[in-house]
Amino acid sequence: MDNPDRTSPSRRIGLISLTLGAASIPGALILGLGIIPALAAILLAARGRDHSLRRPVSAALGMAFGFIGLLASSIVMLALFTTLVLPGLESRMVRGTIGQEIPFEFTSLRGETLDAQSFRGRPVILDVWATWCGPCIAAMPVLERLERDTSVPVIGITFENEDLVSRWVDDRRRLSGSPSYAIVAVDKDEAPGALAGVAALPTLFMLDGAGVVRKVMVGFHDYDSLRDAVNDVLSATPENTIRKDGNR
């Protein structure tokens, strides 16, 4: 027969953990607040690891529900950040960047010198991306096609370690030939402020023939959207030496 002194605390902890864990799941739907009872449920259930107490089924269920609530809350909080907070950050970034000149100077992984002065008279697209960013990778074939069809050069810029990026790009080029456009790995502290301050990846900066930002596009965009944006830049800046049909 169980000793009441040993069983009662364990049962009490288990029931509290189960209650908190169960409450965390619907709580996750309310602004992600389920994260609080979820963590409490997990911590209380872990109390059952004390050898002086037995872990009842309720504690195990409480821990399981707690982890589910924690996961659900994290997803909800991420969704809220993406839909409510991030657009505001992006909007401020765009407002502060349009019309600004970006005086860049890079050396590509292939050893090419890429500077704003060498692109005078024609637009250029600066794509801030990362090797771990799924939408960035998905956008690469689209940007390749855009560069090929419009003759507007694309420069991919990442703030990751150059050796890591070089190996990653070499592997992809061996497998698929992509990306074919210039790739740059640069220290974030050395990048122009407009590029270093991006709030989400990928972020495209479309510069006109004078090196001034005319459009900023955040996230993955299909070919037609990008082509329309490039045509707008070409139409708005008569000093460009590239026509809308992609010829010079």
Can you work out the Karplus-derived ³J(HN,Hα) for every residue in region 208-221? Use 6.51 cos²θ - 1.76 cosθ + 1.60 with θ = phi - 60°, whole Hz, and x for glycine or proline. 7, x, 9, x, 9, 5, 9, 9, 10, 10, 10, x, 6, 10
Whose amide H sits under 5 Å from the amide H of E101, counting only residues 5 or more places off or on another chain, with H placed in the peptide plane? V213
For region 225-236, just list the computed ³J(HN,Hα) in residue order, Karplus coefficients 6.51, -1.76 and 1.60, θ = phi - 60°, integers in Hz, with x standing in for Gly and Pro. 5, 5, 5, 4, 5, 5, 4, 4, 5, 5, 6, 7
Y223 and D187 label points (each 7 Å along its Cα→Cβ direction) are spaced in nm at 4.0
Amide H contacts of A182 (H built 1.01 Å from N, under 5 Å, at least 5 apart or other chain): V154, G156
Packing-ranked peptide list from 107-117, 224-234, highest mean Cβ count within 10 angstrom first, is 224-234, 107-117
Using modelled backbone amide H atoms (1.01 Å from N, in-plane), which distant-in-sequence or interchain residues come within less than 5 Å of F106's amide H? L114, D115
Residue-wise, which Karplus ³J(HN,Hα) couplings in Hz belong to region 134-139, taking 6.51 cos²θ - 1.76 cosθ + 1.60, θ = phi - 60°, and x for glycine or proline? x, x, 5, 5, 5, 7
Distance-filtered residues of region 222-236 - backbone nitrogen under 11 Å, label point 7 angstrom along V212 Cα→Cβ: none
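Readers should treat all values here as calculations from the given coordinates under stated rules, not as data from a laboratory. Since the structure is predicted, the reported quantities are computational estimates derived from the model, not experimental observations. No Cβ is skipped: glycine too gets one built from the backbone with ideal geometry, and neighbour counts run over all protein chains shown.
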